[in-house]
Every structure is written in C-alpha cells, then in structure tokens.
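Everything below concerns the one structure shown next.
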Amino acid sequence: MGSTRLYLEYELIDGNGRLLRKGKRRANSFVGNIIALLWSLMTSKNALSNQYIGVSRTGIVDTGNTARSLTISTRANAGAGDHTFGICVGTGTTAVALDQYNLASPITHGTAAGQLLYGITTIESLIKGTTEWLFRIIRSFSNSTDSTITVNEVGLFFFFMYSSSLSSQFMLARDLILGLEIDPGATLTMRYVLSHSIP
C-alpha cells in the first residue's frame, strides 16, 4: 500500500548567521480542504469538451470561510511580502482540527511590532525516486523589529482562481510548533516536504 506524507522542517538562525535551532517531524496536519481539492480537481472538468464547468464545487472553503468552485489556476509560490498564501506563520495555539480554514492568529508581513518579513515561497523541483516522489516548499521569515516574536503555528496555503477575475486563498495544512522564538535580526526558514512512496 502506498503512503502519502507531509513533513515539516525548520531552521532558526540568529542575526550573526549562527544556527540556534533545527527540527524535522512528520506533519499529520492536512485539513479537510486537501480532500476537497482533490475532489474538485477530479470533478470540475467536462469530460466531453475538456472545459472547466461553472457549477460550484462547494467542498473547498477559503480563508474567509466561503465555499468556492475551482476553475482555472492553483499555485503556492507566493512572492516576497505576500502573507496571504504559500507558507504562512502565526502566533495562535488552537489545536489543529479538520474543519480549519485559516491560522488562528496570522502574522502579517512588515517591520511593525508583531510582524515578520516574508520571503518568497520557493517550490523545488519534483524528485522522482524508484519508490518515493517528493518536493519541498520553502519560505524564510525575518524579524526586523525590536522585539522577539513567538511563532506557534504554520500553515500551507494555495492561491486559486475560481473565475476569470476572482481569486481566493485556501489552507491545506496547519501545524503547531509552539514556542519558536524569533529574536530581532533572526531568520526562521520553514519547509513543508510532500512525499508519496510505495513499498
């Protein structure tokens, strides 16, 4: 039987480039939207015309708790400064639940108190082994404020176009990483590793 896994990695580096903390663990954290996404991908095309159909696939819930239909574009490679999708972090400590659609307390991009500078979200090339395929999604967060910021949660968000001119962001995974303190000048790098393997 095959196995699909999501892993979470992080590295915390101080302002002098010294590694302060490093970790990796399995992230059993996909929220219900992952199944809704797969279902939408498999049911939103007309098999005869190969065109996207306009009926609502109400399984996917965006970060405003609104059901959206999937039609055109999906991606997770957010640009620098965009805290609406890609890998995002927050201060919330609410337990992970299947019906969650956003972080409990998102940290926004910026240099004001309580904010972090969001780097680009990089998606590495797909690695195809003989028994496992995987890829990594990576983002760094820098503290340019005068105070320590504690990251307690991390989420993986995708950007979706659900019509020719409308878009939303959707959370597919959320993990608690309680008490990860980022001092002024320090940088936190988060990686989600998505893999599927067969025996």
* Considering only the range 111-121, state which residues are in a strand (DSSP E or B) and either at pLDDT below 90 or closer than 15 Å to PHE157 by Cβ (or both). => TYR118
* Within the range 88-110, how many residues turn out to be modelled with pLDDT of 95 or more and under 13 Å from the mean Cα position of the chain (by Cα)? -> 6
* Output the residue which, of all residues in the range 157-171 that are over 16 Å from HIS83 (Cα atoms) and either part of a strand (DSSP E or B) or among the small types (Gly, Ala, Ser) (or both), is nearest to the chain's Cα centre (by Cα). => MET161
* If you take the residues in the range 172-184 that are in contact with a Leu (Cβ under 7 Å, 6 or more places away or on another chain) and under 21 Å from ASP82 (Cα atoms), which one is surrounded by the fewest Cβ atoms within 10 Å (Cβ to Cβ)? -> ASP175
* To do: May I ask you to say which residue of GLU181, GLU153, GLU132 is farther than 19 Å from LEU6 by Cβ and not aromatic (Phe, Trp, Tyr)?
  => GLU181
* **Scope the range 84-99; condition surrounded by 20 or more Cβ atoms within 10 Å (Cβ to Cβ) and not in a strand (DSSP E or B); matching residues** => PHE85
* **PHE141 modelled with pLDDT under 95 and closer than 20 Å to ALA76 by Cβ** => no
* Asked: When residues of the range 119-137 are filtered for being in contact with a strand residue (DSSP E or B) (Cβ under 7 Å, 6 or more places away or on another chain), hydroxyl-bearing (Ser, Thr, Tyr) and over 16 Å from ARG75 (Cβ atoms), how many remain?
  -> 1
* Structure fact -> Scanning the range 108-122 for residues that are touching an Asp or Glu at 6+ places or on another chain (Cβ under 9 Å) and surrounded by 14 or more Cβ atoms within 10 Å (Cβ to Cβ) gives HIS109, TYR118, ILE120, THR121
* Please go through the range 138-151 and pick out each residue that is within 27 Å of VAL193 (Cβ to Cβ) and surrounded by fewer than 21 Cβ atoms within 10 Å (Cβ to Cβ). => ILE138, SER140, SER142, THR150
* **Residue ID - modelled with the highest pLDDT, chosen from residues in the range 144-170 that are of a type in the set (Gly, Ala, Ser) and touching a Ser or Thr at 6+ places or on another chain (Cβ under 9 Å)** => SER144
* Restricting attention to the range 176-194, does a residue exist that is touching a helix residue (DSSP H, G or I) at 6+ places or on another chain (Cβ under 9 Å) and modelled with pLDDT under 90? -> no
* To do: Looking only at the range 12-34, decide whether some residue is crowded, with 19+ Cβ neighbours inside 10 Å, in contact with a helix residue (DSSP H, G or I) (Cβ under 7 Å, 6 or more places away or on another chain) and either over 23 Å from SER140 (Cα atoms) or modelled with pLDDT of 75 or more (or both).
  => no
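The values are calculated or read from the model by the stated rules, or taken from the named source; none is laboratory data. All of these numbers come straight from a predicted model, not from anything done at the bench. With ideal geometry, Cβ positions are generated from the backbone for all residues, glycine too; neighbour counts draw on all protein chains shown.
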